[in-house]
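Below: the structure, in structure tokens.
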Amino acid sequence: MSDTSQEVVRAYHARTKHRFDAYAEGPGQLDWDAQPAAFRHYPGAPLLELPLAADRYERCYGQLAKKPKNEVTPDLNSLGALLELAFGLSAWKSWGPNRWALRCNPSSGNLHPVEAYVLASKVPGLDDGLHHYDPEFHTLEGRALVAPGAEPAWLAVGLSSIMWREAWKYGERAFRYCQLDVGHAVGTLAYAAALLGWEVVPITMDGLALRHCLGLDRPDDFPPSRYDFTEIEEPEILLALRGPGLHAPPAAAGLTNWLSAADWQGKPSRIDAAPGYRWPAIDQVAVASREVVGSQEALRFAPLPPLAPHPTTAGASEIIRQRRSAQCFDPRPTLAKTAFYRMLDALLPRPQLPWLAQQMSSRIHLQLFVLRVDGLPSGLYLLPRTPAAVVELPAALLPADQRFAECRPVTEFDRDCPAHLGLIQLAEMGLQELQRLARSLSCHQDIASSSAFSLGMLGEFETAITQGDFLRGAVDGHGYRNLLREAGLVGQVLYLEAEAAGVRGTGIGCFFDDPVHQLLGLTGQCYQSVYHFTVGTPINDERIETGPPYPQRQQDA
Ligand SMILES: Cc1cc2nc3c(=O)[nH]c(=O)nc-3n(C[C@H](O)[C@H](O)[C@H](O)COP(=O)(O)O)c2cc1C
């Protein structure tokens, strides 16, 4: 089983690489009028309108690592704020006849495969049971209501993916994007929880048990059919909220038992009645990487000086709601070096927000195109994020051809660079040549070259899918999902840190995989580039109009 799963994962990753001469398999043409439904509803399920109460809990972004002065207990207001800032709408955009919603969690192509479910016991104002979160109306749909019992109060959030939403546009590569999106969503949940003074930690549960606990294996609701691949939701992760008065949720068997007497309500709305394509490679990798034995790797963190509070005076919910992807950058301004170092520092794994939400220790490292950072020579840089990678990654990148012969720690020439960052300059490069490289490697997208810096995330691919399994005591190729999710989580930190610094970020899922490895002299599968990102001064498109996320609702004061 183990070898087979790992082989399927390796084969999937290899076949979904974009190459200069061919993109990964995808639809030949798109009918934008036949896009899968962006929102799922459960008609027939009782609705609970959640308050839009995030403003009541506002506090400074820089203070998020600390608890708020006044303890926030779970109730309908705090739950509403949590879900709004994690998965809710942040704006409606319109241009001519087109109107589309943006959400607090970003998503590749704005296609939003992630669905969120709340499992709760004894949260005041909320029926016990399983609820589906509907971001379109900021409501909870009561899927499985349970009679109050002897359980203490607890709260958990489960995530699933409707992979077809991504596959419709991106074909086989979509599974990767779904996992990156899950990583972003775990990040948005962790930051929203931190605003309330709560923490998010993963719950150990295998994929089939999670599917059951989210009500996704009910044959009457998800009937197997020729088109079930468009409707099914892939179980992803269950996360417990830790906060005042909240106990640990029951383990898988306890949850299953708890739901066995539930009153199930509603039927899932249709996502796509007439799909034009099917991508079996996605179904295969989903099975191969599904968690077979619920397990949690003990997270390892290197000793680091504490992350200094961010100097911004902006509020956290303000930053979370204003977060956007830049679609275009102004190449004239430079980014202050201190802001650059601060962003990188925030990406180092520490036992705090948001890294405690991970299922696996960190295995993502950064290869940076430093384009316009004040006082730093343009060129290629490297940020290993763990002590092991400080040794192993440069060794893997420095093959015999000596292309990085001049490589040196940044502290050697810049006294402002914090020593604990471990930032390495691989090679100085003229801006024009660097721009050409950055742009061409990210599918010729200008956003990778007109920004202050862009980067590729190098994942410890082989270790994640082999040793990751070994450490978790499970053999299921699930480490692949964890690796991609970590990349999404790193991306989410960058999105928010960029906003806090007064600039803007954009995730880049489209890049040419092996040409990135070739640039770095990486051979074999040990490290694979899994996600790109870019940060700079945005240029806003004034033609696009912005409207409030819930125009039909009053902000609850
Ligand atoms: C995993 C991922 C991959 C993305 N890839 C790209 C990309 O290659 N090019 C791009 O312009 N935007 C990319 N984006 C940005 C999305 O298009 C953007 O998040 C989405 O349109 C929603 O807009 P918002 O981030 O402003 O809320 C990506 C975002 C994510 C999360």
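The values are calculated or read from the model by the stated rules, or taken from the named source; none is laboratory data. Predicted model, so just to flag it, every value in this text is computed and none were measured. Positions of Cβ are backbone-derived with ideal geometry, glycine not excepted, and every protein chain shown enters the neighbour counts. For the accessible areas, the whole protein counts, side chains as well, though only heavy atoms, and no ligand, DNA or RNA atoms are used. Shrake-Rupley method; radii C 1.70, N 1.55, O 1.52, S 1.80 Å.
Return only the number of the condition from (1) at pLDDT 95 or above; (2) part of a helix (DSSP H, G or I) that LEU382 does not satisfy.
It fails just one condition, (2).
Regarding GLN296, is this residue modelled with pLDDT of 95 or more and either part of a strand (DSSP E or B) or away from the ligand (no atom under 16 Å from the Cβ) (or both)?
In short, no.
Considering every residue within region 344-356, establish whether at least one is closer than 30 Å to ASP55 by Cβ and in contact with an Asp or Glu (Cβ under 7 Å, 6 or more places away or on another chain).
Within region 344-356, one or more residues are closer than 30 Å to ASP55 by Cβ and in contact with an Asp or Glu (Cβ under 7 Å, 6 or more places away or on another chain).
Quick one: THR534 ticks every box in (1) over 18 Å from LEU483 (Cβ atoms); (2) away from the ligand (no atom under 13 Å from the Cβ) except a single one, so which number is it?
Of (1) over 18 Å from LEU483 (Cβ atoms); (2) away from the ligand (no atom under 13 Å from the Cβ), only one is false for THR534: (2).
Quick one: in region 463-485, which of the residues that are within 17 Å of ARG385 (Cβ to Cβ) and at pLDDT 95 or above is farthest from the ligand (Cβ to nearest atom)?
Looking at the filtered set, the residue picked out is ASN482.
Test ASP75 against the stated conditions and say whether it is open to solvent by 40 Å² or more (accessible area, probe 1.4 Å) and away from the ligand (no atom under 16 Å from the Cβ).
yes
From GLY62, GLY26, GLY125, grab the single residue that is in contact (Cβ under 8 Å) with a residue 40 or more places away in the chain and either among the acidic types (Asp, Glu) or under 30 Å from ASP514 (Cα atoms) (or both).
GLY26
So that you can scan it fast, the table gives a plain yes or no per residue for (1) at pLDDT 95 or above; (2) buried (at least 23 other Cβ atoms within 10 Å of the Cβ); (3) aromatic (Phe, Trp, Tyr):
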| site | (1), (2), (3) |
| --- | --- |
| GLY125 | yes, no, no |
| ASP128 | yes, no, no |
| ILE162 | yes, yes, no |
| ARG173 | yes, yes, no |
| CYS178 | yes, yes, no |
| ASP181 | yes, yes, no |
| ASP206 | no, no, no |
| CYS213 | yes, yes, no |
| ASP221 | no, no, no |
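In this structure, does GLN367 turn out to be open to solvent by less than 10 Å² (accessible area, probe 1.4 Å) and in contact with a helix residue (DSSP H, G or I) (Cβ under 7 Å, 6 or more places away or on another chain)?
The answer is yes for GLN367.
Among the candidates LEU426, LEU434, which residue alone is closer than 14 Å to GLN367 by Cα and either more than 30 Å from the chain's Cα centre (by Cα) or in a strand (DSSP E or B) (or both)?
Matching residue, one of LEU426, LEU434: LEU426.
Give the residue that is nearest to the chain's Cα centre (by Cα), with candidates limited to residues of region 143-160 that are open to solvent by 10 Å² or more (accessible area, probe 1.4 Å) and within 19 Å of TYR42 (Cβ to Cβ).
Out of the qualifying residues, it is LEU145.
I'd like the full set of residues that are within 14 Å of the ligand (Cβ to nearest atom) and not in a strand (DSSP E or B), limited to region 449-462.
Residues satisfying the conditions are SER449, SER450, SER451.
Considering only residues that are closer than 18 Å to LEU455 by Cα and part of a loop (DSSP other than H, G, I, E, B), which ones fall in region 401-423?
Within region 401-423, PHE404, CYS407, GLY422, LEU423 qualify.
Suppose we keep only residues that are among the hydroxyl-bearing types (Ser, Thr, Tyr) and within 16 Å of the ligand (Cβ to nearest atom) within region 304-337. Which one would you say is surrounded by the most Cβ atoms within 10 Å (Cβ to Cβ)?
SER317
Go through region 404-448 and give me each residue that's within 16 Å of the ligand (Cβ to nearest atom) and touching a strand residue (DSSP E or B) at 6+ places or on another chain (Cβ under 8 Å).
ALA438, SER440, LEU441, SER442, CYS443, GLN445, ASP446, ILE447, ALA448
Within region 93-134, how many residues are more than 12 Å from the ligand (Cβ to nearest atom) and not small (Gly, Ala, Ser)?
Here the count works out to 19.
Consider LEU259 carefully, then state whether it is touching a residue at least 60 places away in the same chain (Cβ under 8 Å) and open to solvent by less than 10 Å² (accessible area, probe 1.4 Å).
yes
Across region 10-29, what is the number of residues that are open to solvent by 60 Å² or more (accessible area, probe 1.4 Å) and either of a type in the set (S, T, N, Q) or outside any strand (DSSP E or B) (or both)?
Total satisfying the criteria: 8.
Name the single residue, out of those in region 54-72 being modelled with pLDDT of 95 or more and aliphatic (A, V, I, L, M), that is surrounded by the most Cβ atoms within 10 Å (Cβ to Cβ).
Applying the filter and picking the extreme gives ALA54.
Check every one of the strands (runs of 3 or more DSSP E) wholly within region 480-557 and list those with 3 or more residues that are buried (at least 23 other Cβ atoms within 10 Å of the Cβ) and among the β-branched types (Val, Ile, Thr).
The strands (runs of 3 or more DSSP E) meeting that bar are 527-536.
Assuming ILE282 fulfils every condition listed in (1) without any contact (Cβ under 8 Å) to a residue 12 or more places away in the chain; (2) within 16 Å of the ligand (Cβ to nearest atom) apart from one, which condition is it?
With (1) without any contact (Cβ under 8 Å) to a residue 12 or more places away in the chain; (2) within 16 Å of the ligand (Cβ to nearest atom) applied to ILE282, the lone miss is (1).
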